[in-house]
1. For segment 102-123 and segment 82-100, what is the centre-to-centre distance using only Cα atoms, to the nearest Å?
2. Place a +1 charge on the Cβ of each Lys and Arg in segment 5-119 and a -1 charge on the Cβ of each Asp and Glu, then give the dipole magnitude about the Cα centre in debye, rounded to the nearest 20.
3. First measure r as the distance between the Cβ atoms of Val48 and Gln92, then evaluate 1/(1 + (r/R0)^6) with R0 = 30 Å and state the FRET efficiency to the nearest 0.05.
4. Taking H as built 1.01 Å from N, whose amide H comes closer than 5 Å to the amide H of Arg16, not counting residues under 5 places away?
5. For Cys72, enumerate residues with amide H under 5 Å from its amide H, sequence gap 5+ or separate chain, H modeled in the peptide plane.
6. Could you sort 74-84, 104-114 so that the peptide with the highest average Cβ count within 10 Å comes first and the rest follow in order?
7. Using each residue's phi in segment 54-68, evaluate 6.51 cos²θ - 1.76 cosθ + 1.60 at θ = phi - 60° and report the 3J(HN,Hα) Karplus result to the nearest Hz, with x for Gly and Pro.
8. Write down, largest first, the equivalent ellipsoid semi-axes of segment 5-119 in whole Å, where each equals the square root of 5 times an eigenvalue of the alpha-carbon gyration tensor.
Amino acid sequence: LGVPWVARVALQSTQRTVIIEHDGLEWTETTISSVIRRTVHMTLDGSVHNEINPVDKTAVAMSTSFEENGRCISTRSVLANGMKQMTRRYIQDGGRTYAVSIELAVSSDQVIRLSNYFNREDN
């Protein structure tokens, strides 16, 4: 996948915090861990924007929009190596749980699936 084994292990073993800010069609998601801090700004109108992958520094074209009658925010990404990724984000349990589902199409017959769940912490 282009990410060194050591980096993958380090990212998997760290505890992460996600901060979400939402204003109209603007969605900002900041992921914080001991290894990396990444902020992604998304416009939920389906327009394409480009980001740099913080792990391998490659370009990623992203398009984000509402799906499932507004219950899901989906992001379609095309990575520099041609792989395609679909990320679906759900806020569940009255805002207590943030669920993120990722599908990465490595090839036409191989898809990697990953799900992450984050619990809300009140300050």
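1. 8
2. 400
3. Efficiency for this residue pair is about 0.60.
4. none
5. Under 5 Å from the amide H of Cys72: Glu67.
6. Packing proxy ranking, top to bottom: 74-84, 104-114.
7. Working through the residues one at a time gives x, 7, 10, 6, 8, 6, 9, 8, 10, 9, 10, 7, 7, 9, 6 Hz.
8. 21, 19, 15
Rule-based calculations on the coordinates, nothing more; no lab input. What you are looking at is a predicted structure, and each value in this text was computed from that prediction instead of being measured. When we count neighbours, we look across all protein chains shown, and the Cβ atoms used for this are built from the backbone with ideal geometry, even at glycine.
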